[in-house]
Amino acid sequence: MAQKQVRSTRPSARVFRRRRLAVLIATLVLIGLLAWAGFGIASLLRPADPGAAPAPSQGGGSSPQASVEPTAEPSAGPAVCPEGDVVVTASTARATHGPADNPVLVMTIKNAGTTECLVNVGTSQQDFSVTSGADRIFSTSDCVQDPMDTEIAIKPGASETARFTWTRARSAPGCKVVNAKPRPGWYGFTAKLGDLTSETAKFELK
């Protein structure tokens, strides 16, 4: 009987080379993918700018303290004027007033001293009084409401003024009503500030 020829089933050398080349290519691709993935992960962990300062903490971490320069203590203000340095004078805006004119009484407060000082010019201290001879006609202290203290600083040689328009009405202590009206004639105005009293200024009512 004739013998059958058996074909070899082993792959040829060319096939082995192709398989090895395919495995090598796959390995290189896998290594490349792993390297890319590793670079991507590393880039997520690194700051975008290595030289940039870290962002300030939003939590309760400590923050740098600002340096505070020591401030000078405030200097003391002016003292109250000595009584002898304050001069009070009285005057009127006009010397003569017609029947329809209400006299404007002017109190001038001057610092005759050499330094700036405080003067209490509040309504608790002011008094505008009008007299006719020995007759007491009017005083602002008769009807003052809610007297207040008001201190102001006056420079040496400077002065402040307070004005009061007298409506030709009479007054009495306790703000009692007085129906009598002042008649035409000469009157005197005296300004008082606390314990200080001015000389009397004369004015005429027509």
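The values are calculated or read from the model by the stated rules, or taken from the named source; none is laboratory data. Treat the numbers as computed from the prediction; the structure is a model and nothing was measured. Neighbour counts run over all protein chains shown; Cβ positions are idealised from the backbone, glycine included. These area figures cover heavy atoms from the full protein model, side chains too; ligands, DNA and RNA do not enter into them. Shrake-Rupley method; radii C 1.70, N 1.55, O 1.52, S 1.80 Å.
Filter the range 152-181 down to residues that are of a type in the set (Val, Ile, Thr), surrounded by 11 or more Cβ atoms within 10 Å (Cβ to Cβ) and in a loop (DSSP other than H, G, I, E, B), then give me how many there are.
Within the range 152-181, residues that are of a type in the set (Val, Ile, Thr), surrounded by 11 or more Cβ atoms within 10 Å (Cβ to Cβ) and in a loop (DSSP other than H, G, I, E, B) number 1.
Could you tell me whether the range 67-77 includes any residue that is modelled with pLDDT of 95 or more and farther than 30 Å from Trp186 by Cα? Step through it out loud before you land on a result.
Step one: filter the range 67-77 for residues modelled with pLDDT of 95 or more, giving none.
Within the range 67-77, not a single residue is modelled with pLDDT of 95 or more and farther than 30 Å from Trp186 by Cα.
Where in the range 96-151 are the strands (runs of 3 or more DSSP E), entirely inside, with at least 1 residues that are open to solvent by 50 Å² or more (accessible area, probe 1.4 Å)? Can you show your working first?
Working: elements: 104-111, 117-120, 126-132, 135-139.
So the answer is 104-111, 135-139.
Could you look through the range 142-181, keep only residues that are among the hydroxyl-bearing types (Ser, Thr, Tyr) and without any contact (Cβ under 8 Å) to a residue 40 or more places away in the chain, and pick out the one that is nearest to Ala79 (Cα to Cα)? Break it down stepwise before answering.
Going through the range 142-181, the residues among the hydroxyl-bearing types (Ser, Thr, Tyr) turn out to be 150, 159, 161, 165, 167, 171.
Pick out the ones that are also without any contact (Cβ under 8 Å) to a residue 40 or more places away in the chain and you get 150, 171.
Working: Thr150: 14, Ser171: 36 Å.
Here the answer is Thr150.
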